[in-house]
1. Jot down the radius of gyration and Dmax of the chain, Cα atoms only, both in angstrom.
2. Order of Lys292, Lys211, Lys51, Lys185 from fewest to most other C-beta atoms within 10 Å?
3. Only Cα pairs under 8 Å and at least 6 apart count here; give the relative contact order of the stretch 201-315 as a rounded whole percent.
4. For the chain, calculate the relative contact order in percent as a whole number, restricting contacts to Cα pairs under 8 Å that are 6 or more residues apart.
5. Want the number for His183 to Lys292: 0.36 nm per residue separation, take away the alpha-carbon distance, what's left?
6. Using 0.36 nm per residue of separation minus the Cα-Cα distance, give me the extension gain between Ser213 and Ala52 in nm, one decimal.
7. Please compute P(r) over all alpha-carbon pairs of the stretch 201-315, binned at 10 Å starting from zero, and give each bin as a whole-number percent.
8. What nm distance separates the two modelled labels at Glu327 and Asp173, each placed 7 Å from Cα along Cα→Cβ?
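Just so it is clear, none of the values below were taken in a lab; they were calculated from the coordinates. Source: prediction; values computed, not measured. Methodologically, a virtual Cβ is constructed for each residue, glycine included, from the backbone with ideal geometry; neighbour enumeration extends over all protein chains shown.
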Amino acid sequence: MARKQTGKSIGLRCVTHFFSCDWGTTSFRLRRVNVDDGRIVEERSESIGVKALHARCPAGDRAAREAIFAGFLRERLGAMTAAQPTAAAGAIVMISGMAASSVGWRELPHALLPVGLDGADIPRAVFPLELADGAAARIELISGVRSATDMMRGEEVEILGLFAEGRRAGLADDGLVVLPGTHSKHVRLHGRQMVGIRTYLTGELFEVLAKHSILSASLAPAEARQPLTDVAARAAFLDGVQAASANGLAASLFQTRIRTVLQDVPAAQNHWFLSGLLIGAEGVDLLAREPKSRILLAAPEPLNVAYALAFEALGLGPRVEVAPPDEMSLASVRGQLRLLRAGLPATEQDRR
């Protein structure tokens, strides 16, 4: 397993738990996990991702950047273990996501595809985090993966978790994983390896159009939007999917404005037309590229509902498996646990 060792070494104690950290661009989630069964003992999350922390860092000052990120994590670990102060001393903190990017804690090189579903080829930096009481935790910062033309950080660990313990053997041999989000990822699998990546800015494009374009005048604020379970909202969403399929994205975007101005469509419904249009455009491209492959739709709620509805409308439904929400919530933890167990010395694994 490729690792970069940084700083002083930390001896592994008998590992009964670890801390799972999923550190994204705009979000942070920390969970204490039982190593034996993967059970989450406690967790906390907040909307302070690497983007906000990086904005506090003086340009070009690596030491200050590391101090800011280390201080943030130290405080969160301290808050989580306040009732048991020794729980973090010597513990392993597995971190995946954008913390290993150019705007994160430390930038690590991506692993170049193909990468096996055991994760052995994904680089990790191992270094200590000094704690308030003078002890130290062991940080294992997980890098991402890339192809010649695309890249991802964090989603690869979710995939490791979704395919851990022999799950979905058929898809692992030949299939596609769709991971919707701000930057939706389509990851091609073949022979139990990740072999290709394609990124769609579906979520980010929605935010930009909804807040910073002429279309914003035709969309209701978030608190006024109808849920997708509403009949009218669902119809608007499917209208958007159909428009993307029939006319393409660029030729259909202004219809979001037309619907409210000329057709008196309520702005609260129109949100779903734009959503269906963007998700539909992603699905149309997927259908053209992958006319036969089995697909695992791996999305949190409510994105899983929207994507499943769009894929069904486009005729992809029969070959789409939707990952259950409870499994998706644990995907990163299971992926990190898989990497942790693979990296533990035999003596440590024997003690468990």
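1. Expressed in Å, the Cα Rg and Dmax of the chain come to 21.7, 71.
2. So the residues, fewest neighbours to most, are Lys292, Lys211, Lys51, Lys185.
3. Normalised by residue count, the contact order of the stretch 201-315 is 32 percent.
4. Working: 686 pairs, mean separation 56.9, N = 352.
Reported as a whole number, the value is 16 percent.
5. Additional length available on full extension: 36.9 nm.
6. Once the chain is fully extended between Ser213 and Ala52, it gains 55.5 nm.
7. Going from the shortest bin to the longest, the percentages are 15, 50, 30, 6, 0.
8. 1.8 nm
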